[in-house]
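Peer 1: Before I ask anything, let me first share the structure, which is written out below as structure tokens.
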């Protein structure tokens, strides 16, 4: 383990403390959670302002206008057309004025128009064309079961993909009543979807557990470093003490409530 | 008792953590020094072909070559190839990439950003050579210099013609059905439980005197799910204005917030109650995913909304939001096109709009010809897709490949 400064110990202790503060939400909304919540919201808002400046405004607007120099020589810029998005951005600020806020609708309209123009062909490509192409499979009939029924190369698996895709599409017909054969196919489609959702759920839950383990490891690593600094441990046990006090108070409240109910 | 138990668990965790001993991974010993053997140089690659990469925005060159005679045969000592580029045939050559043995081609993609060190300028001459490498770094073979070649962008991506045809067909269908709807044709749409529940949920909130929490998700204003969500928000806000119920809309994206403010404001005006609209109904929280979730969770537990509506694009926060809403005892209606998140909404919400149902919801709620027409067009487009997939599948399995390839879309 590398030698850490006392500052590092204190910061990691603070991190471990905030982890517990967020976990305390499992108990109920409490001052510890509120503190952590407001801290993370405030810090993240400030952080993203800086990120936006360094990753957005500076490289994409100011540097392009000034060829890397930050001076107000934009009208002499080799690329003055970058002033247009700059002006549109400034127009958004008119929202601060009630009388002039209508001006901000123009950049919004422009943004939405451009966004829709990009999204329509992109969605058509990714969600229709690519999937349609993939659904047309050349089934390997001589490899009917493959190495098992879940072998993606087997004919059975490929037929399941095709039938599953098409029947799921039947479920999403909105202008036809689901009855008769149509209802049967649509119901099969929703079953296929639910099986898929179940698998996805299990997969993601496992991912979440690994995140939880990561947090525990963080606290575990913190303990490894903190043994060298008893002062940090004192802070830690103070935190534990507060939690213990909270538990005690809650328990007393619970007993009082039960006694009152009994009497 | 549940709370005490949870608190006890937290306490145990807090006490046990410092006592936990850190795992120390034993360094696995190296398997020993690799035997160094002097090997003869392999043959170089030959017949290097250069061309500007098709259907792109420029800043890219595609290379292809015939592999070294010692790649998989002969001396069989080739482990890969290094691609080197220069601005003149004399050099200096700079290594651009490495590819494994057996590779016949490589696409050299540079940055389009002038400020980037990887910037690759269009319309200037580039020269390439390929170094055949072996396990011994001192033993390699260089090809002859190939070039010059210039990179440039194309105005039209011919690889996406099928997309253009599909969009054109869909547009024609949409216009046709919008005209029919405007002409007074009765376009049937089957009922969906999740959509019917929206009105019930607003009524419940009014009876309870509690607000409605509407979450637009983490999408940008450009995402189709967010655009669909605006329409539903408009409808919800109109009902809320009519019933004089509270509305809370915490936003993740500032542009989404701006559009949502305009939507809610317009709905209040439509409902004849423009004075009831307050700017702080729709507010910005932060653009950090889990900080946003923490704030919305806090709102759920402090304001105790009667109904939580989640419509839009959601990611890992979906279950955290829905679970907290369920704990707070709110009726919850969700809708997203993020397939990985739908299961979480299904388990934790009362009603869930799955994928395209979210897009359809706006048409159901609005009953406007424009939206109904597009909904009908979607159904016909789906029928077309099913038909094409079936025909393609049958033809392909009878040995006709051309039909499938007509629908191939390149990147």
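The values are calculated or read from the model by the stated rules, or taken from the named source; none is laboratory data. What you see is a predicted model, and the numbers here were worked out from it, not measured in a lab. Neighbour counts run over all protein chains shown; Cβ positions are idealised from the backbone, glycine included.
Peer 1: Would you mind telling me which numbered condition in (1) in contact with a helix residue (DSSP H, G or I) (Cβ under 9 Å, 6 or more places away or on another chain); (2) at the interface with chain B (Cβ under 10 Å from one of its Cβ atoms) residue A:126 fails?
Peer 2: (1)
Peer 1: Inspect the range B:367-378 for any residue being more than 9 Å from every other protein chain (Cβ to nearest Cβ), surrounded by fewer than 18 Cβ atoms within 10 Å (Cβ to Cβ), over 16 Å from residue B:186 (Cα atoms) and under 29 Å from the mean Cα position of the chain (by Cα) and give the result as yes or no.
Peer 2: no
Peer 1: Which residue pairs have Cβ atoms under 7 Å apart, sit 6 or more places apart or on different chains, and have a first residue in the range A:92-115 that is within 8 Å of another protein chain (Cβ to nearest Cβ) and a second that is crowded, with 18+ Cβ neighbours inside 10 Å and outside any helix (DSSP H, G or I)?
Peer 2: A:111/B:221; A:112/B:221; A:115/B:221; A:115/B:222
Peer 1: List the residue pairs whose Cβ atoms are under 7 Å apart, where the first residue sits in the range A:42-54 and is within 21 Å of residue B:296 (Cα to Cα) and within 8 Å of chain B (Cβ to nearest Cβ), the second is at pLDDT 90 or above and in a helix (DSSP H, G or I), and the two are 6 or more positions apart or on different chains.
Peer 2: Here the result reads A:44/B:291, each pair linking the range A:42-54 to a residue that is at pLDDT 90 or above and in a helix (DSSP H, G or I).
Peer 1: So, in the range A:26-41, exactly how many residues are more than 7 Å from chain B (Cβ to nearest Cβ), crowded, with 21+ Cβ neighbours inside 10 Å and under 14 Å from residue B:296 (Cβ atoms)?
Peer 2: 1
Peer 1: Going by what's in this entry, would residue B:88 be described as farther than 22 Å from residue B:136 by Cβ, in contact with a helix residue (DSSP H, G or I) (Cβ under 7 Å, 6 or more places away or on another chain) and in the same structural domain as residue B:131 (by TED's automatic domain parsing)? Even if it seems obvious, please write down each step before you answer.
Peer 2: On the way: farther than 22 Å from residue B:136 by Cβ: yes; in contact with a helix residue (DSSP H, G or I) (Cβ under 7 Å, 6 or more places away or on another chain): no; in the same structural domain as residue B:131 (by TED's automatic domain parsing): yes.
Here the answer is no, as residue B:88 does not meet what is asked.
Peer 1: Could you look through the range B:218-248, keep only residues that are within 15 Å of residue A:115 (Cβ to Cβ) and not in a helix (DSSP H, G or I), and pick out the one that is nearest to the other protein chains (Cβ to nearest Cβ)?
Peer 2: Quick first cut of the range B:218-248, residues within 15 Å of residue A:115 (Cβ to Cβ) only: B:219-230.
This time we only want the ones that are not in a helix (DSSP H, G or I), so: B:219-223.
Details: B:219: 11, B:220: 7, B:221: 6, B:222: 3, B:223: 7 Å.
Result: B:222.
Every residue, every condition in (1) within 21 Å of the chain's Cα centre (by Cα); (2) buried (at least 21 other Cβ atoms within 10 Å of the Cβ), yes or no:
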residue: B:321; (1), (2): yes, yes
residue: B:336; (1), (2): yes, yes
residue: B:351; (1), (2): no, yes
residue: B:363; (1), (2): no, yes
residue: B:396; (1), (2): no, no
residue: B:411; (1), (2): yes, no
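Peer 1: Moving on to the next point. Given the criterion under 28 Å from the mean Cα position of the chain (by Cα), surrounded by 14 or more Cβ atoms within 10 Å (Cβ to Cβ) and more than 14 Å from every other protein chain (Cβ to nearest Cβ), identify the matching residue among B:109, B:167. Spell out how you get there, then give the answer.
Peer 2: Working: B:167 fails: more than 14 Å from every other protein chain (Cβ to nearest Cβ).
Criteria check complete, one pass: B:109.
Peer 1: Only one of (1) at the interface with chain A (Cβ under 10 Å from one of its Cβ atoms); (2) in contact with a strand residue (DSSP E or B) (Cβ under 6 Å, 6 or more places away or on another chain) is not met by residue B:390, so which one is it?
Peer 2: (2)
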